Amino acid sequence: MEKTRVCVIINPVSGTESKKNIPEEVASAFDQTQFDVIIRITGYPGHATEIAKQAVKNKFAYVLTVGGDGTVNEVAKALVNTDTILGIIPFGSGNGLARDLHISIDSEKAIQTILEGNVRTIDYGSANGHIFFCTCGVGFDAFISDKFAEEK
């Protein structure tokens, strides 16, 4: 029997909590006889999208993202119109999409939700060629978002 392939993309600079133990926590949660889990760490903006696109190309069934809304957005936009399933393990400062989807902010509970197979399809938006999943702002909202990103 072929193992289900899972790619875990971790953004080490998102949020404020340490992600040092996350690779082991995620890998050990999956039954190694049924799942082939690989861990990838992002190194720069846009890297999560590149990794996710490669995972789709390599026929991974799941791509899990460990990070905040920015990381989730980078990964999710690479999965649009594919059969690859996105899993969210929230580790950002806001975690807006995870909260909107009622995904626990506790990593163990978020991983358990993924293991339970709670899958749903969500809509996405596009503005000026940029895909988004949770919020889109113009004017003051966009200004504040830019300032927040600069402070990281």
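Some notes on this structure:
- Partners of K57 within straight-line reach, counting aspartates and glutamates whose Cα lies under 18 Å from its Cα and excluding those fewer than 8 residues away in the same chain: E2, D36, E74, D83.
- The calculated pair-distance distribution of the stretch 62-124 uses every alpha carbon pair, bins of 10 angstrom beginning at 0, and gives 23, 61, 16 percent.
- In this Cβ point-charge picture (+1 for Lys and Arg, -1 for Asp and Glu), the chain has a dipole of about 320 debye about its Cα centre.
- Nearest-ten-degree value, helix 47-57 long axis tilted from longest Cα axis of the chain: 40 degrees
- Relative to the dominant Cα principal axis of the chain, helix 69-79 is inclined by about 60°.
- Peptides 118-125, 28-35 ranked from most to least packed by the mean count of surrounding Cβ atoms within 10 Å: 28-35, 118-125.
- Computed lengthening from M1 to S93, 0.36 nm per intervening residue step minus Cα-Cα distance: 29.1 nm
- Here the gap between H47 and A127, fully extended at 0.36 nm per residue and compared with their Cα-Cα distance, gives a gain of 26.7 nm.
- Neighbour-limited loop hits for trypsin sites (Lys or Arg not before Pro), the stretch 1-97 (at most 12 other Cβ within 10 Å; DSSP other than H, G, I, E, B): K20, K59
- Of (i) 2, 10, 15, 15, 14, 15, 14, 9, 4, 1, 0; (ii) 2, 10, 18, 19, 17, 13, 9, 6, 4, 2, 0, 0; (iii) 2, 9, 19, 24, 22, 14, 6, 3, 1, 0, 0, the label for P(r) over Cα pairs in 5 Å bins from 0, in percent derived from the coordinates: (iii)
Taken together, the values in this text are just the output of simple stated rules run on the coordinates, not laboratory data. Bear in mind that the values here come from a model prediction, so they are computed numbers and not experimental data. Here Cβ is always computed from backbone atoms with ideal geometry, including for glycine, and neighbour counts include all displayed protein chains.
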